[in-house]
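So that we are looking at the same thing, I have put the structure below in structure tokens.
The values are calculated or read from the model by the stated rules, or taken from the named source; none is laboratory data. Only a predicted model underlies this, so the values are computations on that prediction, with no experimental measurement involved. Backbone-built Cβ (ideal geometry, glycine too); neighbour counts: all protein chains shown.
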Amino acid sequence: MKLKIEDTIKLHHWQRKCGKNMNIKSKDIVVIKTGKDKGTRGPIEKVFPTKNRIIVGGVNIVKRHAKKTSTRGGGIVEKPAAIDASNVMLICPHCDLATRVSYQIQDGEKKRMCKKCKKVIS
Ligand SMILES: [Zn+2]
């Protein structure tokens, strides 16, 4: 992960290192480990690597009071808000368990590997 200069300027010195060790990416299925949505599963919709935060579909729903626009009526809109990436665990597609991830080099490419069943995750 390469940080853009604009990103690093806005961040504190202790935040600049963040985002290098995220082992999850978009469309992965994860399980929530903490908070009110503990135990629920969902697909990752968006990742913010510099902030170390993610948006998981159907998790951490917040209500926002939206102004009426020409394309959409106003009112209360429910949408998922970002949560910290350390509060989720990846679900392995092969063994269907929450797992940690190790890395393996295959054909010159770094591949993620399930720590439980040792299979490569896409
Ligand atoms: Zn597995």
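Among the residues of the stretch 95-105, count how many are within 9 Å of the ligand (Cβ to nearest atom), free of Cβ contacts under 8 Å to residues at least 24 places away in the same chain and surrounded by fewer than 18 Cβ atoms within 10 Å (Cβ to Cβ).
The qualifying residues number 2.
Related question: Just one of CYS92, CYS114 is touching a residue at least 24 places away in the same chain (Cβ under 8 Å), within 16 Å of the ligand (Cβ to nearest atom) and surrounded by 12 or more Cβ atoms within 10 Å (Cβ to Cβ); which is it?
CYS92
Output the number of the condition that ARG100 fails; it satisfies all remaining conditions of (1) in contact with a Lys or Arg (Cβ under 7 Å, 6 or more places away or on another chain); (2) under 17 Å from PRO43 (Cβ atoms); (3) of a type in the set (Lys, Arg).
Unmet for ARG100, out of (1) in contact with a Lys or Arg (Cβ under 7 Å, 6 or more places away or on another chain); (2) under 17 Å from PRO43 (Cβ atoms); (3) of a type in the set (Lys, Arg): (2).
Still on this structure, I have one more. Can you tell me how many residues within the stretch 2-36 are modelled with pLDDT of 90 or more, surrounded by 13 or more Cβ atoms within 10 Å (Cβ to Cβ) and not aliphatic (A, V, I, L, M)?
2
Output yes when any residue across the stretch 65-83 is surrounded by fewer than 14 Cβ atoms within 10 Å (Cβ to Cβ), within 21 Å of the chain's Cα centre (by Cα), part of a loop (DSSP other than H, G, I, E, B) and among the acidic types (Asp, Glu), and no when none is.
No, every residue in the stretch 65-83 fails to be surrounded by fewer than 14 Cβ atoms within 10 Å (Cβ to Cβ), within 21 Å of the chain's Cα centre (by Cα), part of a loop (DSSP other than H, G, I, E, B) and among the acidic types (Asp, Glu).
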